[in-house]
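Data block below; observations after.
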Amino acid sequence: SLRLSLDYMLDEARHGYGARLMSVGVHSRWSGQPGRASAVRDFIYIDDVLDALELVSRDQSKFRIFNIGRGEGHSLREIVARIQNLLGKELKLDWKDGRPSDVPVSIVSNTRARDVLGWTPRTPLDEGLAKTIGWWRAGER
C-alpha cells in the first residue's frame, strides 16, 4: 500500500496539485481558509503518484508499505509565492490561523520506495505547478 504525502485529496489531485490550491491562483479567490502560511507540506505531482502506483502494483516484496512524496517541504506561503510568480500576478489572500490540530510540518521519506521500487519523483515542483495552472486555464474551472 501507499502512504501519500499530499496536501490535497486524491479526488482533487487528478490534475496536478489539487483543485483548491489552484483555484486560489488561477481565479485569485479562496473558498475557505488558506490555513497557516507557515505550515510545511510535501507536495507531489499526480503523474509521480501514478508512476508509484504502477510500480507498487507489480511489487512482490514482503512489506508493501511505501511513502510517496518528494521528501522536501514547502510552506504554504512559499507555494502561493511560486504560483504568483508563474501567474505573473499578486494574489489577495486572507490568511487565517491554522487549526490547533494542524501539524506544523509534514514531510515523508521516500527512501524505501526508491530502494525497493526504484521510484523517485520526476516532476520538479515548479514544473508541476505550471502544468496544473495550464490545465486549470484550459478548462477555466
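The values are calculated or read from the model by the stated rules, or taken from the named source; none is laboratory data. Source: prediction; values computed, not measured. We place every Cβ from the backbone using ideal geometry, glycine too, and count neighbours over all the protein chains shown. The accessibility values were calculated without ligands, DNA or RNA, using every heavy atom of the protein model including side chains. Shrake-Rupley method; radii C 1.70, N 1.55, O 1.52, S 1.80 Å.
Taken over region 117-135, the criterion of being crowded, with 18+ Cβ neighbours inside 10 Å, in contact with a Gly (Cβ under 8 Å, 6 or more places away or on another chain) and not polar (S, T, N, Q) is satisfied by Pro121, Gly128, Leu129, Ile133. Of all residues in region 96-139, those satisfying the criterion of being farther than 26 Å from Phe66 by Cβ and touching a helix residue (DSSP H, G or I) at 6+ places or on another chain (Cβ under 8 Å) are Ala130, Ile133, Trp135, Trp136, Arg137.
With respect to the conditions (1) open to solvent by less than 40 Å² (accessible area, probe 1.4 Å); (2) modelled with pLDDT of 85 or more, Ile107 lacks only one, and its number is (1).
With Arg70, Arg114 as the choices, which residue is surrounded by 14 or more Cβ atoms within 10 Å (Cβ to Cβ), in a loop (DSSP other than H, G, I, E, B) and modelled with pLDDT of 85 or more? Walk me through how you get there before you give the answer.
Numbers: Arg114 fails: in a loop (DSSP other than H, G, I, E, B).
Only one candidate qualifies: Arg70.
The condition (being more than 15 Å from Leu129 (Cα to Cα), modelled with pLDDT under 90 and open to solvent by 40 Å² or more (accessible area, probe 1.4 Å)) is satisfied by just one residue among Arg3, Arg58, Arg77, Arg14: Arg3. Among the residues of region 39-55, the ones that are over 11 Å from Leu4 (Cβ atoms), in a helix (DSSP H, G or I) and either open to solvent by less than 40 Å² (accessible area, probe 1.4 Å) or touching a residue at least 24 places away in the same chain (Cβ under 8 Å) (or both) come to 3 in all. For region 26-39, the criterion of being modelled with pLDDT of 90 or more and touching a strand residue (DSSP E or B) at 6+ places or on another chain (Cβ under 7 Å) is met by none of the residues.
Under 8 Å by Cβ, and 6 or more places apart or on different chains, what pairs join a residue from region 91-117 that is on the phi < 0 side of the Ramachandran plot with one that is small (Gly, Ala, Ser) and open to solvent by 70 Å² or more (accessible area, probe 1.4 Å)? Pairs that qualify, where the first residue is on the phi < 0 side of the Ramachandran plot and the partner is small (Gly, Ala, Ser) and open to solvent by 70 Å² or more (accessible area, probe 1.4 Å), are Pro104/Ser38.
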